[in-house]
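Visitor: So that we are looking at the same thing, I have put the structure below in structure tokens.
The values are calculated or read from the model by the stated rules, or taken from the named source; none is laboratory data. Owing to the predicted nature of the structure, the values given are computational and were not obtained by experimental measurement. Please note: Cβ atoms are built from the backbone with ideal geometry, for glycine as well, and neighbour counts cover all protein chains shown.
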Amino acid sequence: MQYFWDWAVRPLLRTRGVKRLLEIGASQGGNTDRILTAFPSLSLSVVDPCLDVDLTAKYRDVPAVTVYPGRSLEMLPQLRSTYDAILIDGDHNYYTVFNELRLIAQGGLLAPGGMILFHDVGEPWAFKDMYYEPERIPEESKSPHAPHGVLTAVEAFRRQFPTNWVWMRWRDEHGLGCLFDPRSRWERLALGFKSILWQGIRWRNRLGRWTGLMPSDVIRWGRNLESGGQPCSRSPKDAV
Ligand SMILES: C[S@@+](CC[C@H](N)C(=O)[O-])C[C@H]1O[C@@H](n2cnc3c(N)ncnc32)[C@H](O)[C@@H]1O
């Protein structure tokens, strides 16, 4: 997530006035520390099985942070709060991410007007599974015929739980995805307009790439930005 902090995550947390944030997958707390430094008044809940560091000990004297030491699929049903922002960067596989989203939706964990940010919705984990603890994932979900990947999970969730949330994705550095619950009709229009604009930029940049008439940094933006969301275009068996 570090790559996205300055130009995507921090501005989004600021402009959307996030007060309560849930972080799923914190590793050694690098991202948690950045959030705390930039937003000292924010209340931060962290769900992580503490495979890398004992986060409970690390944040024992930090009142803004509540650590839920455990796996997301066990911890999310126990949460009673709502969150303005949820960062998903835990176990990067279809089974976990789809069920995290299902539990967030069914438990009403996202506050109205909130947003969910995802890391690893680009290569290599968009369509491929990674397991921190393979023995905890059902065998059938690991089969080559099961759907795999973080992006595949987001797309399946959006098909099975239709909402008016707007989806955007940056592709570089393993990918950052955002699901926004628009706060008003105007914000929805603005996000939709941005999506169309970005799609336009992609096409303009594709043309630029083909004709050689565009500066390379603009081309890079066009190549890496994607919005609006597409149905999963790969068959699950390709995604092992
Ligand atoms: C990629 S790291 C997170 C990095 C962190 N977001 C950052 O930017 O510093 C993924 C973390 O997810 C945690 N994790 C693994 N399985 C998990 C699960 N089922 N629920 C929640 N967290 C999990 C691991 O402990 C690991 O530290």
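Visitor: With the structure loaded, tell me whether residue 112 is away from the ligand (no atom under 13 Å from the Cβ) and closer than 24 Å to residue 13 by Cα or whether it fails that test. Lay out the reasoning, then the answer.
Guide: Numbers: away from the ligand (no atom under 13 Å from the Cβ): yes; closer than 24 Å to residue 13 by Cα: yes.
Yes, satisfied.
Visitor: With (1) within 9 Å of the ligand (Cβ to nearest atom); (2) among the charged types (D, E, K, R); (3) assigned to a loop (DSSP other than H, G, I, E, B); (4) more than 18 Å from the chain's Cα centre (by Cα) as the list, and residue 91 as the residue in question, which single condition is left unmet?
Guide: (4) is the only condition that residue 91 fails.
Visitor: Condition first: closer than 18 Å to residue 87 by Cβ, in a loop (DSSP other than H, G, I, E, B) and at pLDDT below 95. Can you find one or more residues in region 146-167 that meet it?
Guide: yes
Visitor: Here is a follow-up. For region 122-152, which positions are aliphatic (A, V, I, L, M), within 13 Å of the ligand (Cβ to nearest atom) and closer than 21 Å to residue 176 by Cβ? Before you say what the answer is, go through the steps one by one.
Guide: Of region 122-152, the ones aliphatic (A, V, I, L, M) are 126, 130, 137, 146, 150-151.
If we keep only those that are within 13 Å of the ligand (Cβ to nearest atom) too, we end up with 130, 137, 150.
The answer is 130, 150.
Visitor: Is there any pair linking a residue in region 119-139 that is assigned to a loop (DSSP other than H, G, I, E, B) to one that is small (Gly, Ala, Ser) and near the ligand (Cβ under 9 Å from one of its atoms), with Cβ under 6 Å and at least six apart or on different chains, and which?
Guide: none
Visitor: While we're here: Just give me the residues in region 104-130 being crowded, with 17+ Cβ neighbours inside 10 Å and out of contact with any Gly (no Cβ under 9 Å at 6 or more places or on another chain), in sequence order. Lay out the reasoning, then the answer.
Guide: So in region 104-130, the residues crowded, with 17+ Cβ neighbours inside 10 Å come out as 104, 109-111, 114-122, 125-129.
Those that are crowded, with 17+ Cβ neighbours inside 10 Å and out of contact with any Gly (no Cβ under 9 Å at 6 or more places or on another chain): 104, 109, 110, 111, 114, 115.
Visitor: Please specify each residue of region 11-36 satisfying the condition of being assigned to a helix (DSSP H, G or I), charged (D, E, K, R) and away from the ligand (no atom under 11 Å from the Cβ). It would help to see each step written out before you state the result.
Guide: Looking only at region 11-36, we keep the residues that are assigned to a helix (DSSP H, G or I), and these are 11-15, 30-36.
From what is left, the residues that are charged (D, E, K, R) are 14, 33-34.
Answer for region 11-36, where residues must be assigned to a helix (DSSP H, G or I), charged (D, E, K, R) and away from the ligand (no atom under 11 Å from the Cβ): just 14.
Visitor: I want to confirm something. Restricting to region 42-72 and keeping residues that are at pLDDT 95 or above, within 12 Å of the ligand (Cβ to nearest atom) and among the acidic types (Asp, Glu), which single residue is surrounded by the fewest Cβ atoms within 10 Å (Cβ to Cβ)?
Guide: 54
Visitor: Across region 64-114, what is the number of residues that are under 24 Å from residue 52 (Cα atoms) and of a type in the set (D, E, K, R)?
Guide: Number of matching residues: 5.
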